[in-house]
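A quick write-up on the structure given underneath.
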Amino acid sequence: MTYSSFFKKIFYPVLTVRLKMIQESTEKGIKNMSINYKLIGTRIKETRISKRMSQEELAEQVDRSVSYISHIERGVKRASLETLILTANTLDITVDALLNGNQANDIAEYHVDLSELFRDCDSYEKRVIYQNAVEQKRILRENKWLKNRHDQPV
């Protein structure tokens, strides 16, 4: 797979989804300083999957129902502070990692995510991911009209 095809087939779709979530989180945070529970749920799900844990296993370890875990991961229900702490402890991450992206003007907003992303990568993989991110940033800035298109209601 060439660098270009990797970028188009794998990296771009994933980044597009994440950018939309970031945009939604930022807009909500600025407008009414609310907590983006969908983002928290996504972080729980991504971490759970990366640890090869099923919803059933997580639910059992935090003493919650599988449907409740599913609702939290989809942002349908709001996890209590107690559930967030239990979940973070079970997933061996900090509550900060789950809440990351909900605080306005956080200069280290995705530091934890990027560290986790690079944690098991060799030098070559880190370089490819970095080059993709640089290219994606360039494309985003050259095509600001795309952001405006995503901002409009459907």
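Each value in this text was obtained by applying a stated rule to the coordinates, not by laboratory testing. Everything numeric here is computed off the predicted structure, so don't read it as measured data. Reconstructed Cβ throughout: ideal geometry from the backbone, glycine too, with neighbour counts over all protein chains shown.
Tabulated data for the structure shown
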{"read-out": "Proxy reagent accessibility, fewest Cβ within 10 Å first, across LYS45, LYS137", "value": "LYS137, LYS45"}
{"read-out": "Ranked THR94, THR42, criterion: other C-beta atoms within 10 Å, fewest first", "value": "THR94, THR42"}
{"read-out": "Nearest-20 debye value, the range 58-103 charge dipole, Cβ charges on Lys, Arg, Asp, Glu", "value": "260"}
{"read-out": "Hz values of 3J(HN,Hα) by residue in the range 72-79 - Karplus curve (6.51, -1.76, 1.60), Gly and Pro given as x", "value": "5, 5, 8, x, 6, 10, 9, 6"}
{"read-out": "Out-of-range pairs (alpha-carbon distance over 28 Å; input LYS51/LYS144; LYS45/LYS126; LYS45/LYS144; LYS77/LYS137)", "value": "LYS51/LYS144; LYS45/LYS144; LYS77/LYS137"}
{"read-out": "Linear extension gain, SER115 paired with GLU82, 0.36 nm per residue minus alpha-carbon span", "value": "9.3 nm"}
